[in-house]
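Below is one structure, written out as structure tokens; the observations come after it.
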Amino acid sequence: MTVQMDSSMRSESAWSLALRRLWRDPVGRISLGVVTFYLVLVGMVLAGWLGTRWNDPVAVNYAPPTWFVSAANRVTLPAGEAWDRTLVVPLYGWTDPLEPLWSEARAAAQRIQPEPVSYRLTLPFGADKWGRDVGQKVLKGTQTSVWVGLVAAFVATLIGTVLGALAGYYGRVVDDLLNGFYGVLTSIPYLLLVFAVAAVLQQKGVGTLILILGLTGWTGVFRLVRAEYMKHRTREYVLAAGALGASHGRRVWVHILPNVGHVVLVQFSQNLVGFIKSEVILSFLGFGVPVSSVSWGSMLNEAQNELILGKWWQLVVTTVAMAVFVTASSLLTDALRDALDPRLNS
Amino acid sequence: MSGLLFLVRRLGQALLTLLGVILLVFILFNWVGGDPATILAGKMASAQDLANVRHQLGLDRPLWQQFLDFVGQVLRGDYGESWSTHEPVSAIFRSRLGPSLTLLIPMLILETLVAVAVALLVAALRGSWLDQGVRMVSTVAMSISLLVYIIVGQYVFAYLWGWFPVKGWSDSVLTNLRVYALLPVLLGLLVSVAPSIRLYRSFILEEIDQDFVRTARAKGLSERRILFVHVLRNAAIPIVTNVLMGLPGLLTGAFLLERFFAIPGIGREIILAVERSDFPLIKAITVYVAMATLAVNFLGDLCYRWLDPRVGLE
């Protein structure tokens, strides 16, 4: 007897069931929304629609944050003021040895006749030491930090999954070798390993950061994926696939991988949070992003010095931006784990 | 498997891993980073200077010989001189260990006590508003960068209110414990206690649904006795393991706390070494810490075998 299959009879896939479970959980729904919002922001900054003016001095130094703007919120500084120098030397009856150079410079400034620049007195999120808009900076900083976290998590998850699959599926010598490598890497504390690699690479930049974090952070994924593959390789469906003539490669990547995908996804999201925290520490210490860029870590570095002067806004804005994203990602990781692992749900 | 065979196999495994660490560190610093001589000699060095430095560091010899030299250094515990201060690396390590331990040992003890106490409390009241509240607060608390805790803590408690010195260190351990280490220890506790609470809570909850708990309850034991005697004793094994695993971390010091509070410990030294590209120092610390980790793992395995006879049977 043949049964007519139509779309209404097709059973739902495990992934869409999981997505539905995630959506039913209010915490999962809200955290997914927040994370998506951040990812959209990151995409818009990457596309050049937002946060492009983060490096422009648009306000007076340390312009305070305010949302209630009066009409006269600008100050126009006369151009060329910087060239006026109070001369101390002539007071003592000496001639200033640099005077010829200064008069030349003044004459050059006269010729250029720069436009008078107007600066804002307040900004919604305040300004930093150089009068840059903290709102713009936090957009750009969010993009840098989240982007580094995302790409590094992708690299680490890829390495961990491939090596874990090979070690778990093939066992024996492959497993001994890879597991030995895992043992070597995990016997060095993570942050120390990151510092050692940072010291060796000798150059700063987003690419270097991704390399450091991705190459050192795959061990967690490796351990879990390896364990899953050891469990799955003797299951009936894999043996059946082998009996039907599926090659080892096909069994590893086509048959088993979709069944351990939930572990990989949860690990990815856990790594994302961990890498963002590491990036912030590295950039704070000056081993991360170069000065030509800005991230949450370099903003916290500036904020530390500003706080002593009582300028709290950069610290607060950065902390809130980071805390909201990391909280949402952590909650999403937990919600994903619950939604993807049917054994936890009755 | 007989006890002796297990011991020998486990020891061999640890030594092999140590050899792997030495090889990794060697590859990292002698090959991945390019020519170390260009870093030591500086940007203005002439070709002759470079050649001199290379000869001095032994970089003109074959790679395998350099590797054997490094293994020899590790065996003798003599990693040569620091590139920036020309102090012997082992002397630096010895003199920086004290301040790090002054900071980290009280922190570890306090953290374990507080985390176990809070974890027991929230596990006993699992599902209640207090449990939910602690879970929510610790999730949010963990997502704020530890940098922020240190920056704000130092500013508010030390700079604004003057309860503690902003930074500093003395030669007397007692003064350090009483005065200088106080705020760093409290801030470190604040940062590290939330993840531990979550972990220990899950350890305790794993035991709380076991059959022996039901038996104890059926016997008519009080909930308090079940929790503190039966459950805690079984949950103690993973908790003790977790604390043991934290011990090698004592050797790396507390990077950020030591830097913020100008404590002359190993963590601050590592950050300085990365800033100055002081390779011998970083290499030495990495190998030292890996040795400690492997030793702790090895001892931990022995303890397991001794505590739980089932472990040896597999």
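The values are calculated or read from the model by the stated rules, or taken from the named source; none is laboratory data. This structure is a prediction, so every number in the text was calculated from the model and none was measured. In this analysis, Cβ positions are derived from the backbone assuming ideal geometry, glycine residues included, and neighbour counts consider all displayed protein chains. Protein only, heavy atoms only, side chains kept; ligands, DNA and RNA dropped before computing areas. Shrake-Rupley method; radii C 1.70, N 1.55, O 1.52, S 1.80 Å.
Return the only residue of A:GLY180, A:GLY171, A:GLY207 being more than 14 Å from chain B (Cβ to nearest Cβ), under 21 Å from A:THR157 (Cα atoms), surrounded by fewer than 19 Cβ atoms within 10 Å (Cβ to Cβ) and without any contact (Cβ under 8 Å) to a residue 24 or more places away in the chain.
A:GLY207
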Subset of the range A:268-304, residues modelled with pLDDT of 90 or more, open to solvent by 20 Å² or more (accessible area, probe 1.4 Å) and away from every other protein chain (no Cβ under 14 Å), comes to A:PHE268, A:ASN271
Based on this model, can you work out whether B:ILE197 counts as buried (at least 19 other Cβ atoms within 10 Å of the Cβ) and within 23 Å of B:GLY253 (Cα to Cα)? yes
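Scan the range A:257-266 and tell me whether some residue there is within 14 Å of chain B (Cβ to nearest Cβ) and touching a helix residue (DSSP H, G or I) at 6+ places or on another chain (Cβ under 9 Å).
From the range A:257-266, those within 14 Å of chain B (Cβ to nearest Cβ) are none; that's our starting set.
No - not one qualifying residue is present in the range A:257-266.
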Matching residues in the range A:210-246 - criterion: being open to solvent by 40 Å² or more (accessible area, probe 1.4 Å) and within 14 Å of chain B (Cβ to nearest Cβ): A:LEU211, A:LEU215
Restricting attention to the range B:140-163, which residues are exposed (fewer than 13 other Cβ atoms within 10 Å of the Cβ) and either closer than 14 Å to B:PRO184 by Cβ or in contact with a Pro (Cβ under 9 Å, 6 or more places away or on another chain) (or both)? B:TRP163
In the range B:251-281, what residues are facing chain A (nearest Cβ under 8 Å) and farther than 27 Å from A:GLN304 by Cα? B:PHE279
Being farther than 23 Å from A:ILE188 by Cα and among the aromatic types (Phe, Trp, Tyr) is true for just one of B:PHE255, B:PHE228. Which residue is that? B:PHE228
Considering only residues that are open to solvent by less than 20 Å² (accessible area, probe 1.4 Å) and over 16 Å from B:ILE270 (Cα atoms), which ones fall in the range B:73-101? B:VAL74
Assess whether B:VAL116 counts as being in a helix (DSSP H, G or I), farther than 14 Å from B:ILE285 by Cβ and in contact with a helix residue (DSSP H, G or I) (Cβ under 7 Å, 6 or more places away or on another chain). yes
Of the candidates B:VAL137, B:VAL166, the one satisfying the condition of being in a helix (DSSP H, G or I) and open to solvent by 40 Å² or more (accessible area, probe 1.4 Å) is B:VAL137
Conditions (1) within 14 Å of chain A (Cβ to nearest Cβ); (2) more than 23 Å from the chain's Cα centre (by Cα); (3) not basic (Lys, Arg): number failed by B:LEU121: (1)
Collect the residues in the range B:1-53 that are open to solvent by 80 Å² or more (accessible area, probe 1.4 Å), of a type in the set (D, E, K, R) and farther than 22 Å from B:TRP306 by Cβ, keeping them in residue-number order. B:LYS43
(1) at the interface with another protein chain (Cβ under 10 Å from one of its Cβ atoms); (2) touching a residue at least 24 places away in the same chain (Cβ under 8 Å); (3) surrounded by 22 or more Cβ atoms within 10 Å (Cβ to Cβ): which one isn't true of A:SER187, the others all being true? (2)
Selection from the range B:282-296 of residues within 9 Å of chain A (Cβ to nearest Cβ), open to solvent by 10 Å² or more (accessible area, probe 1.4 Å) and more than 20 Å from B:LEU103 (Cα to Cα) yields B:LYS283, B:MET291, B:LEU294
